[in-house]
Amino acid sequence: MAKTIPFPQQAHAAHVRRNKAMLLPMPRACANDLALQVHLALAALRGGGTAHDAQAMLHTHVLAMSIVNAGYGALTQAQVRDADAALLACFERGRADGNWRLDAAEAEALAAIVTVYDLQLQFAPLWALTEASERLEQMGMGETGQAAKRKQA
């Protein structure tokens with residue numbers, strides 16, 4: 001009688017372990033590192049930051065909304081609308097005169113998003129964070145693809 005090769009079973013076991021890990025939140029140290037970066041970007045924009053800080057806040061906003069849509073965390077329509085307006089104002093100022101900053105009301109609007117995102121990093125399963133990150137990357141690729149099409153035209 002032929003013996004089966006144990007390799008497929010080990011590969012299956014590794015696959016199962018990876019799938020189970022996706023159901024758990026990300027490791028606390030990683031969540032804290034990501035949250036710290038976002039909090040620092042928000043603090044920088046309160047006093048006059050950089051385009052990189054504004055971009056980090058935009059990414060945080062998109063990620064938080066995607067994770068909320070996956071069922072983790074809550075944002076009201078007013079919070080989303082206020083954060084959208086704050087980001088738009090920040091980008092307009094930054095592009096117009098290089099002054100990448102948020103006023104007090106705008107910073108408060110984005111602080112609400114950052115608070116939700118911070119909690120999502122701590123408690124949402126890794127699959128929800130991964131899917132949100134992949135969506136953000138696809139959005140970036142879409143912009144690049146659209147720009148390339150415009151250049152070709």
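Only the coordinates and a few stated rules stand behind these numbers; no lab work does. Computed from a predicted model, the values in this text were never measured in an experiment. Cβ coordinates were reconstructed from backbone atoms using ideal geometry, including for glycine residues, and neighbour counts include every protein chain displayed.
When a/c reaches 1.5 or more, the comparison of a/b and b/c decides; with that in mind, is region 28-152 rounded, prolate or oblate per its Cα gyration tensor? Cα axes put region 28-152 in the oblate bin.
For Leu75, what is the net charge nearby, where nearby means another residue's Cβ is under 12 Å from its Cβ and Lys, Arg count +1, Asp, Glu -1? Numbers along the way, then the final one.
Numbers: positive: Arg81; negative: Asp82, Asp84.
Charge balance in the 12 Å sphere: -1.
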